[in-house]
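The next block holds one structure in the form of structure tokens; read it before the comments.
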């Protein structure tokens, strides 16, 4: 998968590289942007013995924030852009203790897994300026994005599970394919993007105290809105 993304990136970047020496036809820009992200999950699965994942609440409390610095090279209507993005994302997963279904006197707890992740993201985006009229512009872009999760900084909180010392083992490198739309007014722009997850974010869940290992899997899809300035 990494080789495929790299091959696509090199092929798409070739027109820019081959004309880089024609300085009067190539523009270089840099900028910054910040925004928020909403995370959805593709077919999330958890197999924690005695607990049922509540898919009805899957859309709750999964908001993140991202801050980026980027560089862009433009030739005619086409551009190539890369970024360094720092992101923080909050996740929340609701569970139901299966004892609730068998014991009328059982008082349910709010069994929840809360997760906060910190990450560095690096995309390679290929864009096309559809509209360029004075101060106004409209563009579309697409390309691969790699997310490096800073697993040592992740904050995990398993509430009201009978297993002690639970930890989700996250994959520290994840891949996405991004598509987006950019709207520009003078040097200010708004980006709307969607990142489709290409690999499993979760490896498994382990109870260090009890020695149990539980299966988990999910792919993250990310919808982002950001505002920035291009210099």
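The values are calculated or read from the model by the stated rules, or taken from the named source; none is laboratory data. Just so it is clear, the model here is predicted, and its values are computed rather than measured. Reconstructed Cβ throughout: ideal geometry from the backbone, glycine too, with neighbour counts over all protein chains shown.
A count restricted to region 204-218 and to residues that are farther than 10 Å from residue 163 by Cβ and touching a residue at least 12 places away in the same chain (Cβ under 8 Å) stands at 5.
I'd like to know if region 198-218 contains one or more residues that are over 24 Å from residue 50 (Cβ atoms) and assigned to a strand (DSSP E or B). Taking every residue of region 198-218 in turn, none turns out to be over 24 Å from residue 50 (Cβ atoms) and assigned to a strand (DSSP E or B). Do we find that residue 163 is surrounded by 15 or more Cβ atoms within 10 Å (Cβ to Cβ), over 14 Å from the mean Cα position of the chain (by Cα) and either at pLDDT below 95 or over 30 Å from residue 50 (Cα atoms) (or both) in this structure? Considered against the rule, which asks whether it is surrounded by 15 or more Cβ atoms within 10 Å (Cβ to Cβ), over 14 Å from the mean Cα position of the chain (by Cα) and either at pLDDT below 95 or over 30 Å from residue 50 (Cα atoms) (or both), residue 163 comes out as yes. Against the condition under 18 Å from the mean Cα position of the chain (by Cα) and at positive phi, how does residue 143 come out, does it pass? So residue 143 passes the test. The residue that is nearest to the chain's Cα centre (by Cα), among those in region 215-231 that are surrounded by 16 or more Cβ atoms within 10 Å (Cβ to Cβ) and more than 14 Å from residue 170 (Cβ to Cβ), is 222. Scan region 189-198 and give yes if some residue there is over 20 Å from residue 82 (Cα atoms) and touching a residue at least 60 places away in the same chain (Cβ under 8 Å), otherwise no. No, region 189-198 has no match at all.
Does at least one position in region 159-167 carry a residue that is touching a residue at least 40 places away in the same chain (Cβ under 8 Å) and within 20 Å of residue 67 (Cβ to Cβ)?
no
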